[in-house]
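> One structure follows; several queries about it will come next.
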Amino acid sequence: MALEKITQVSGTAVSVPGNDIDTDRIIPARFMKCITFDGLGEFMFYDVRKNEDGSNKEHPLNEQRFAGASILLSGNNFGCGSSREHAPQAIAKAGFSGVIAEGFAEIFFGNSTTLGLPLAVATKEDIQSIAAAVEADPTTVVTIDVENQRIRFGDQEVTCFIRESARDSLVEGKWDPIAELLEGDEQINATAKKLPYV
Amino acid sequence: MAKSLFEKVWNAHTVRTLSSGETQLFIGTHLIHEVTSPQAFGMLREMGLGVKFPDRTFATVDHIVPTNETVEPFSDALADAMIKELRKNCAESDITFFDLDSGKQGVVHIVGPEQGITQPGTTIACGDSHTSTHGAFGAIAFGVGTSQVRNILATQTMAMSKLMVRRINVNGQLSPGVYAKDVALHIIRMLGVNGGTGFAYEYGGEVFDSMTMEERMTVCNMSIEGGARCGYVNPDETTFAYLKGRPYSPEGEAWDAAVETWKSYASDTDCDYDDVVEINAADIAPTVTWGINPGQGISIDENIPSPDSVPEDQVAGIEEALEFMQFEGGAPIKGISIDVAFIGSCTNGRLSDFEEVAKHIEGRLVADGVQAIVVPGSQVVASIAEEKGLDKIFISAGFEWRAAGCSMCLAMNPDKLVGDQICASSSNRNFKGRQGSPTGRTLLMSPLMVAAAAITGKVSDVREVFGVSETASV
């Protein structure tokens, strides 16, 4: 199963500021009544974007100048809470190809990487600089250079951090580990045999 | 070399190292439910893969189950379809399914332990972040996403990096009116909602030594709210006594052998931890959250923080929370009026939670204008509670006694807040919109604190409302 090698992702960006943005906020539970992930994109950040009557709130995600953005900027501990893969699925299906934040919650990080969605950790100051550049000119292209752990925007460049295991799996096209897990079949059986409760 | 339980269990379940450097980890017990598994089964079908260890996979329905209707088809067509999909997937793959008519259905993290499926020294995964609950038994239990559910169904393994271990000691004795839930909220308040990132939490000390299994489960359950992927307590006689005679527990000679094995997994007394935190039990008070994440908790006697009393980097977070909650910084939390009271969830939906509340509410009445609902965590919990007459105590006090499920913890069923209602809740998350209304407000607290709020109509101190003065059990 050949997967795409994700060495870098690029696009215009939009900022959803704040710390501890949880997966309930990214995709409210009521939209998880589904048996496929199709169609989740339109509900991404639904209650952040919409009033209860369905009209739009004032929010960067609703602004025409940020339409088509594919890089999301946010604060610390992004994706905390529920383990729902529906959250990164919604982000990806809404057209995003990467997230830059000050930090990510553990389960969300793993779920996103497995979907081939790179998550880059950057400092608060650098994220503010990127957000300022995007605010000044929404057509600014932001690139997450996964391989070299760099973020480029306009003529500027800053460092980011992507955990080594995630970076390698993205760059080498092994972000979905199923093929390799399956290859370990004999060793899986051997491990199972040693465990008295299995 | 001395090792922690985490390291011993991790090593015993390590299949090999993957090219990414992650470990291919064997998952001994896989628990599935209706929300995060249907897509995984769909992916398996697309890839032409089957379920490798169906006898190590157990299913139940919990998230979307209505708690006030029991006849299918349910009025919510989507919920009905999800239950039927899981039923079909389990039948096709020969997976044990604790279905609605089994008498054993319930919240997956309550069903596993009460059936004796959750055992020490094992690895457990489930597509639900509160899988950390099972760590109470000395298991390493992870919440996972749907792609990992697929991986585990297909291979009984997942790819994961090893965690560091933080030992959290709580020594001394808890004060009357202070419960396991308060211990959990206190720890998260101290260490932060992301303080546990990269760690497994090992809980120990006198308070944990003397806790019941149900209390240990409450604390382990909320490990993920502190950012820790899993949390556990070393297995001891309390653990073994709980497991003895459960449907899936070993019997006879196998029991004796299992207990020996389980004991061997406990952390060696002289093992090294990556971090150690000491907490004095006497510092923990009945705790209530005032904000929009579980770390935003204060003791019932404290005032809600105000933006001008915190470090600069916390100001924006506090302002956002105060705005959403419509609370005033610096005001007391005690006395805030509530609209709804919810007792239930994988955090506090076990028999002892209902027993403790029932003991105190007899002869009292829910305040006018408050809707109070009690949702047993499983059909087993419900039937034992009903045998003991607890349902009648709740009903005569004005609470609604419902059927088992996750209910208003995340409101995927019809139990939801309306508008900006305030809910005193024994659940685990106070995120914006968590309880079904985008503007609904959640205050997390122990079940008895919820009952106190239900009866007085406002956030109250259990010690005053119920005169809890004798030394309470933890």
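Values in this text are rule-based calculations from the coordinates and carry no lab data. Note that this is a predicted model, so its numbers are computed, not measured. Virtual Cβ from ideal backbone geometry, glycine too; neighbours counted across all protein chains shown.
> How big is the Kirkwood radius of chain B, worked out from every pair of different alpha carbons and given in Å to one decimal?
Final number for the Kirkwood radius of chain B is 22.5 Å.
> Below 8 Å between Cα atoms, with a sequence gap of 6+, how large is the relative contact order for the range A:8-194 in percent?
23
> Before anything else, pin down the relative contact order of the range B:28-183: Cα pairs under 8 Å, at least 6 apart, normalised by residue count, whole percent.
Across the range B:28-183, relative contact order equals 29 percent.
> 5 Å is the cut-off here: which amide hydrogens, built 1.01 Å from N in the peptide plane, fall below it relative to residue B:372, excluding neighbours closer than 5 in sequence?
The list, which skips near neighbours in sequence, is B:341, B:400.
> Here's a follow-up. For Cα pairs less than 8 Å apart in space and 6+ apart in sequence, what is the mean separation divided by the residue count of the range B:5-275, i.e. the relative contact order in percent?
Rounded, it is 22 percent for the range B:5-275.
> I'd like the distance between the alpha-carbon centres of the range B:202-267 and the range B:293-336, rounded to an integer number of Å.
What the calculation gives is 35 Å, centre to centre.
> Please list, by residue number, every one of the GluC sites (Glu not before Pro) in the range B:273-333 that is coil in DSSP and has at most 13 other beta-carbon atoms within 10 Å.
The qualifying sites are B:328.
> Taking a ≥ b ≥ c as the square roots of the eigenvalues of the Cα gyration tensor of the range B:256-362, is the shape rounded (a/c under 1.5), prolate (a/b larger than b/c) or oblate?
Oblate, since a/c reaches 1.5 and b/c is not below a/b.
> If you average over every viewing direction, what projected area does the convex hull of the Cα atoms of the range B:5-275 give, in nm²?
15.8
> Using only the Cα atoms of the protein assembly as shown, build the gyration tensor, take square roots of its eigenvalues as a ≥ b ≥ c, and label the shape rounded, prolate or oblate: rounded if a/c is under 1.5, else prolate if a/b is larger than b/c, else oblate.
Judged from the Cα gyration tensor, the protein assembly as shown comes out rounded (a/c under 1.5).
> Okay, moving on. Residues with amide H under 5 Å of residue A:173's amide H, sequence separation 5 or more or different chain, H placed in the peptide plane at 1.01 Å from N; which?
Those qualifying (amide H under 5 Å, at least 5 residues apart or on another chain) are A:6.
> In the neighborhood of residue B:286, defined by Cβ-to-Cβ distances under 11 Å, what is the net charge if each Lys or Arg adds +1 and each Asp or Glu adds -1?
Combined, the nearby Lys, Arg, Asp and Glu give -2.
> Which value, to two decimals, describes the C-alpha radius of gyration of the range A:8-194 once divided by 2.2 N^0.38 Å?
Relative to the rule-of-thumb radius for its length, the range A:8-194 sits at 1.09.
> Given the C-alpha centroids of the range A:158-173 and the range B:5-34, what is the distance between them in whole angstrom?
Spelled out, the Cα-based centre of one part sits 22 Å from the other.
> Using a Förster radius of 60 Å, what is the FRET efficiency between residue A:49 and residue B:171 based on their Cβ-Cβ separation? Nearest 0.05, please.
That gives a FRET efficiency of 0.80.
> If you don't mind, another one. What's the center-to-center distance, using Cα atoms, between the range A:76-141 and the range B:370-446 in Å?
If we compute the Cα centre of each part, the gap is 33 Å.
> Report the normalised scattering of the range B:143-258 as log10 I(q)/I(0) at q = 0.22 Å⁻¹, calculated by the Debye formula with identical scatterers on the alpha carbons.
-1.19
> Please identify the trypsin sites (Lys or Arg not before Pro) of the range B:344-389 that satisfy two criteria: DSSP loop assignment and at most 14 other Cβ atoms within 10 Å. Which are they?
B:388
> Which shape class, rounded, prolate or oblate, goes with the range A:93-163 when its Cα gyration tensor gives a ≥ b ≥ c as root eigenvalues, a/c under 1.5 marks rounded, and past that a/b bigger than b/c marks prolate?
Prolate, because a/c is 1.5 or more and a/b exceeds b/c.
> Residue by residue, what Karplus-based ³J(HN,Hα) values in Hz, rounded to whole numbers, does the range B:41-54 have, using 6.51, -1.76 and 1.60 with θ = phi - 60° and x for Gly and Pro?
So the J values, rounded to whole Hz, are 5, x, 5, 4, 4, 4, 8, x, 10, x, 8, 6, 10, x.
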